[in-house]
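In what follows, a structure is listed as structure tokens, so that the remarks can point back to it.
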Amino acid sequence: MITSIRNACARFWAEEDANILAEGVMILPFIALFYVGIVDYFQTYAAKATNIRAAYTISDILSREDTSVNANYIDGLHTVFSYLTLDAGANPEIRVTVVYCEDNCGLEDTGRVLRMDWSYGVGKSALVEGQLSEFDDKIPVMSTGDRAILVETTVDYTPAFESVGLDDVTFENIIVTRPRWVPIMCFEGINCNS
């Protein structure tokens, strides 16, 4: 009895006859789903990278500004950001805030006090003073009175194929840049603390 079972198993494993069509039909959905998943994951990472690059571009443009900016300027940056992220998401939003360190600014100090000169958002509301503590870990150590430009961008992304396990995601980027040419970048009509 055991010998016959052993022989049957050996014949089964040694069998090399098959129907390629039947095997292909069984495996084809898995291969197709695998390729769709690879493409979808790649597109998602490409969209994320595009959003990060676009956020850095907006931040770099602002850091090179040597005059006051206004609402039209920030609206124009939103248009640029929308163009840069055209194929990488929907509902682009930006918010620009100029912050400075007022007290306890040293590397060893605790309880750093951050203040803002101004904030303006397109698609997002302007930042208020009480919300600055949320960004304390994102803003690097600065000298007392030193300014930094905080650029926040948000884009909603929907994967092309939801069948591979990716859900809708919102890419949020926070970029902090120091003004390059001037110590402070003012917003037209707002008295900057200097």
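Conditions tested, residue by residue: (1) surrounded by 15 or more Cβ atoms within 10 Å (Cβ to Cβ); (2) modelled with pLDDT of 90 or more; (3) in contact with a helix residue (DSSP H, G or I) (Cβ under 6 Å, 6 or more places away or on another chain).
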residue	(1), (2), (3)
SER63	yes, yes, no
ASN70	yes, yes, no
ILE74	yes, yes, no
LEU84	yes, yes, yes
PRO92	yes, yes, yes
ASP103	no, no, no
GLY121	yes, yes, no
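Within segment 153-194, the set of residues being of a type in the set (Asp, Glu) and touching a strand residue (DSSP E or B) at 6+ places or on another chain (Cβ under 6 Å) comprises ASP156, GLU172. In segment 101-115, the qualifying residues are those that are touching a residue at least 24 places away in the same chain (Cβ under 8 Å) and either within 17 Å of SER59 (Cα to Cα) or assigned to a strand (DSSP E or B) (or both), and the one that is farthest from the chain's Cα centre (by Cα) is ASP103.
Being in contact with a helix residue (DSSP H, G or I) (Cβ under 9 Å, 6 or more places away or on another chain), part of a strand (DSSP E or B) and among the β-branched types (Val, Ile, Thr) is a property that VAL80 lacks. Restricting SER143, SER63 to residues that are under 24 Å from the mean Cα position of the chain (by Cα) and either over 19 Å from VAL176 (Cα atoms) or not aliphatic (A, V, I, L, M) (or both) narrows the list to SER63.
Would you point out the residue of segment 160-183, among those that are in contact with a Gly (Cβ under 9 Å, 6 or more places away or on another chain) and in a loop (DSSP other than H, G, I, E, B), that is surrounded by the fewest Cβ atoms within 10 Å (Cβ to Cβ)? Checking each candidate, the answer is GLY165. The set of residues in segment 1-59 being surrounded by 15 or more Cβ atoms within 10 Å (Cβ to Cβ), free of Cβ contacts under 8 Å to residues at least 40 places away in the same chain and among the charged types (D, E, K, R) is empty.
For THR153, state whether it is assigned to a loop (DSSP other than H, G, I, E, B), modelled with pLDDT of 85 or more, surrounded by 12 or more Cβ atoms within 10 Å (Cβ to Cβ) and not charged (D, E, K, R). Spelling it out, it is not the case that THR153 is assigned to a loop (DSSP other than H, G, I, E, B), modelled with pLDDT of 85 or more, surrounded by 12 or more Cβ atoms within 10 Å (Cβ to Cβ) and not charged (D, E, K, R).
The values are calculated or read from the model by the stated rules, or taken from the named source; none is laboratory data. Here the structure is a predicted model, which is why all the values come from computation and not from measurement. As a convention, Cβ positions derive from the backbone with ideal geometry for all residues, glycine included, and neighbour counts pool all protein chains shown.
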